[in-house]
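Here is the structure we will look at, set down as structure tokens.
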Amino acid sequence: MAPILDVRDLRVEFPTRRGTLTALDGVSFAIEPGEVLGVVGESGAGKSMTGAAIIGLLEPPGRIAGGQILLNGRRIDNLPHEQMRRIRGREIGAIFQDPLTTLNPLYTVGDQLIETMQTHLDLSGGEARQRAIGWLEMVGIPAAAQRVDSYPHEFSGGMRQRVVIALALCAEPKLVVADEPTTALDVSIQAQIIALLKRLAREKGTAMMLVTHDMGVIAETADRVAVMYAGRIAEIGPVREVVKDPRHPYSTGLMASIPPLDRRVEHLAQIDGAMPRLSAIPPGCAFNPRCPHVFDRCRVERPELLETGATRAACWLYDPASEKQAPEALRHG
Amino acid sequence: MADDIAMRASGAPPPHASDASPPRASGASPPRASGATPMLAAEELAKYFDVSRPLLQRLLAREGRRILRAVDGVSFEIPKGTTLSLVGESGCGKSTVARLVVGLYQPTRGRVLFDGQDLEKARAASEQRRRMQMIFQDPYASLNPRWRVRDIVAEPIRAFGLTRDNAAQRERVAQLLAQVGLSPLDGEKYPHEFSGGQRQRISIARALSSNPEFLVCDEPTSALDVSVQAQILNLMKDLQRRLGLTYLFISHNLAVVRQISDRIGVMYLGRLVELAPAETLFNAPRHPYTRALMEAIPDLDMTGRQRVPVGGEVPSPISPPSGCPFHPRCPLANHRCKAERPALIPARGTPETVVACHAVEEGRDGAAFTPMDQRPPGPRIGTTATAL
Ligand SMILES: Nc1ncnc2c1ncn2[C@@H]1O[C@H](COP(=O)(O)OP(=O)(O)OP(=O)(O)O)[C@@H](O)[C@H]1O
Ligand SMILES: Nc1ncnc2c1ncn2[C@@H]1O[C@H](COP(=O)(O)OP(=O)(O)OP(=O)(O)O)[C@@H](O)[C@H]1O
Ligand code: SF4
Ligand code: SF4
Ligand SMILES: [Mg+2]
Ligand SMILES: [Mg+2]
């Protein structure tokens with residue numbers, strides 16, 4: 001099947017006075033119709049940046065400096081602004097990490113939904129209003145018919161988040177880029193939203209890029225998962241393998257840091273140290289200063305994604321030609 | 001910015017070394033700690049919002065005022081050196097409670113005592129304001145976009161006159177940024193140059209910079225990956241152990257709540273429905289809503305178990321149901337529940353828990369009350385799957 005979204009060797013740069021920062025470096029992945037790709041990784045790794053590049057909303061001076069983005073086989077990374085604006089909303093629905101930037105404080109949530117639908121779908125005012133109420137119900141806003149005329153500030157954080165989700169979905173796009181869509185939501189509403197997203201993927205063949213820190217949401221929703229670190233993909237593969245049996249040392253550390261639900265621990269597992277700043281990414285493997293398995297080659301040569309048997313990981317331990325091979329503990333999570 | 005609680009103090013007194021707070025109480029403390037003044041006490045707190053439509057529209061539609069009861073009579077105490085967490089459905093009033101306890105909202109009813117002193121009086125003194133800080137749910141809205149990060153973090157230090165020595169200030173800011181996993185060099189940048197999680201860490205660093213003793217944390221780690229989240233939670237626990245900090249913590253992530261809390265309050269529609277020591281709440285949740293909430297936790301083990309959302313309609317805080325507000329969704333509801341609002345009283349069987357439920361009081365939650373670890377897998381009583 002031809003993928004709906006195809007990202008090839010994407011590179012995003014930020015020119016600054018102190019030199020050019022590379023925020024994304026050689027990011028490639030594809031999403032098929034009806035598929036949900038989960039994207040996880042270190043805070044600041046470039047997940048939102050990847051989403052922003054796809055929907056054509058990179059914040060200047062950020063710019064795509066290399067690679068291609070294809071939607072249904074057509075390049076969209078080099079389209080003029082006006083054309084991209086039409087694609088956004090109609091063909092790509094975006095759910096941003098920050099609900100306040102998407103919602104206009106001066107208009108009621110109902111008006112914003114109605115406007116979006118009328119821009120992209122052929123609907124009368126009355127029909128659009130009915131649908132707006134329907135969407136609010138679908139994302140679990142209580143007394144939707146009463147609250148459709150509320151302004152964003154009259155809603156709680158989680159309610160605003162759900163309005164943003166409704167806005168992204170209401171024009172029935174083919175691709176949904178969802179950046180932390182459920183972080184502000186309680187587990188019950190979260191379950192409802194996830195069921196809604198999965199149903200859209202299954203029934204309408206919507207492709208979805210789902211960025212989240214919530215591994216529970218990933219485990220339930222994603223088909224495949226990409227793990228990002230310092231502007232690169234560290235590991236990518238089927239959800240079960242990446243979450244339960246990760247092969248890249250960063251992914252292993254990440255999954256080990258998930259707080260347990262069934263007991264209290266005094267000190268939570270964490271990966272010591274911090275991700276390098278964009279201006280100081282070390283040569284070779286970007287994870288090498290924090291990696292417990294680091295060896296000479298890691299400090300010189302940058303690893304490409306290599307087959308590990310279950311996933312693909314950017315780690316020299318999986319190159320048969322390396323002087324050091326993955327220890328048993330890494331091969332079987 | 002209106003919601004900036006680190007308001008400027010003119011001629012603030014020199015810093016008080018406040019590191020000599022009492023040691024952390026071991027384990028969970030009872031709701032009424034013996035004698036010692038709690039860090040914070042909320043007494044019958046309520047906050048109503050007027051969400052009426054404009055007058056003309058109201059007249060045309062012949063409707064009255066609409067009052068939304070965001071918080072409706074909430075009482076609790078937080079002993080010094082301990083953590084109370086609030087959990088509950090989105091929109092149940094957690095952030096409103098947070099804003100009430102730091103004085104950003106005037107209560108419609110009830111009052112807040114900060115270290116035994118009426119909050120309004122306490123906030124008149126800058127030294128008292130210094131002792132309380134808040135990390136906001138929305139890390140975007142709470143950072144001034146035109147300020148460099150180092151100035152944002154240093155602002156409380158300056159406002160409260162903690163040190164006037166520039167080198168010492170720089171040093172402290174660098175240390176705070178490093179503590180939250182950022183580089184001291186990041187201080188030169190502006191908020192928009194950071195990712196969501198990095199901004200959240202900036203607001204944590206800022207909240208810590210005035211050496212507060214009481215910290216209100218509204219979803220402080222929601223934008224962080226699990227490894228950075230673990231670093232922040234470890235930092236918070238460490239500060240509590242070393243300096244005796246007191247936390248009011250709000251999160252939807254129940255695994256995180258379990259790691260950080262001494263006691264947990266479960267809110268529903270503006271009220272506390274259960275308040276218990278953390279481990280008791282997880283091992284023996286009593287209120288039907290608490291139990292339903294536990295069922296809805298996502299399943300990391302990919303057993304294929306279907307998550308069970310809390311069944312039924314989420315009620316509206318504008319016209320809350322009669323009697324027990326959970327009754328339209330509760331499998332144990334009977335006619336008493338529809339008529340009479342249950343009081344928050346010690347629970348049968350787990351008296352360290354206070355719970356507002358007739359069924360628990362009457363002892364007819366029996367079959368449903370099985371500790372988590374003894375329960376069979378699969379859908380259980382207390383919930384019905386919502387058809388989606
Ligand atoms: N306007 C900008 N100028 C310079 N650097 C920027 C800018 N915006 C973002 N960055 C940097 O780009 C990197 C990637 O940011 P991005 O927002 O994509 O991270 P993320 O993976 O979404 O993180 P989080 O999980 O915290 O949201 C970060 O290191 C951030 O500091
Ligand atoms: N300024 C306001 N004006 C009108 N209504 C408000 C206002 N602030 C909050 N509310 C309402 O009060 C209720 C409680 O909101 P609050 O923000 O306290 O919820 P919350 O428990 O923090 O939810 P979330 O988990 O989604 O953040 C909601 O119904 C909300 O719509
Ligand atoms: S390439 Fe080397 S440093 Fe990088 S993750 Fe693999 S072992 Fe560690
Ligand atoms: S009081 Fe009645 S309706 Fe309310 S939770 Fe208890 S059993 Fe259910
Ligand atoms: Mg992000
Ligand atoms: Mg809130």
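The values are calculated or read from the model by the stated rules, or taken from the named source; none is laboratory data. The structure displayed is predicted, hence computed values, not measured ones. FYI the Cβ positions are ideal-geometry reconstructions off the backbone, even for glycines, and counts take in every protein chain you see. With ligands, DNA and RNA removed, areas are computed over all heavy atoms of the protein, side chains included. Shrake-Rupley method; radii C 1.70, N 1.55, O 1.52, S 1.80 Å.
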Please name all residue pairs, on different chains or six or more residues apart, with Cβ atoms under 7 Å, provided the first residue is in segment B:124-151 and is without any contact (Cβ under 8 Å) to a residue 40 or more places away in the chain and the second residue is among the aliphatic types (A, V, I, L, M).
B:Q128/B:A122; B:D138/A:L100; B:R150/B:V173
I'd like to check something: does segment B:168-177 contain any residue that is within 26 Å of the chain's Cα centre (by Cα) and closer than 27 Å to A:D272 by Cα?
yes
So A:P283, is it open to solvent by less than 40 Å² (accessible area, probe 1.4 Å), outside the structural domain of A:T182 (by TED's automatic domain parsing) and closer than 29 Å to B:E193 by Cβ:
no
Mind counting the residues in segment B:309-334 that are more than 10 Å from chain A (Cβ to nearest Cβ) and under 15 Å from B:G91 (Cα atoms)?
3
Looking at segment B:339-388, which of its residues are in a loop (DSSP other than H, G, I, E, B), at pLDDT 90 or above and among the hydrophobic types (A, V, I, L, M, F, W, C)?
B:A343, B:L344, B:A347, B:A356, B:C357
Residue tally, condition acidic (D, E) and crowded, with 24+ Cβ neighbours inside 10 Å, over segment B:263-294:
1
Residue among A:V109, A:V40 that alone is within 14 Å of chain B (Cβ to nearest Cβ) and under 30 Å from A:P246 (Cα atoms)
A:V40
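Yes/no matrix, rows are residues, columns are (1) charged (D, E, K, R); (2) open to solvent by 10 Å² or more (accessible area, probe 1.4 Å); (3) touching a helix residue (DSSP H, G or I) at 6+ places or on another chain (Cβ under 9 Å); (4) at pLDDT below 95:
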{"position": "A:L210", "(1), (2), (3), (4)": "no, no, yes, no"}
{"position": "A:H213", "(1), (2), (3), (4)": "no, yes, yes, yes"}
{"position": "A:E220", "(1), (2), (3), (4)": "yes, yes, yes, yes"}
{"position": "A:V225", "(1), (2), (3), (4)": "no, no, yes, no"}
{"position": "A:A230", "(1), (2), (3), (4)": "no, no, yes, no"}
{"position": "A:P238", "(1), (2), (3), (4)": "no, yes, no, no"}
{"position": "A:R247", "(1), (2), (3), (4)": "yes, yes, yes, no"}
{"position": "A:Y250", "(1), (2), (3), (4)": "no, no, yes, no"}
{"position": "A:G253", "(1), (2), (3), (4)": "no, yes, yes, no"}
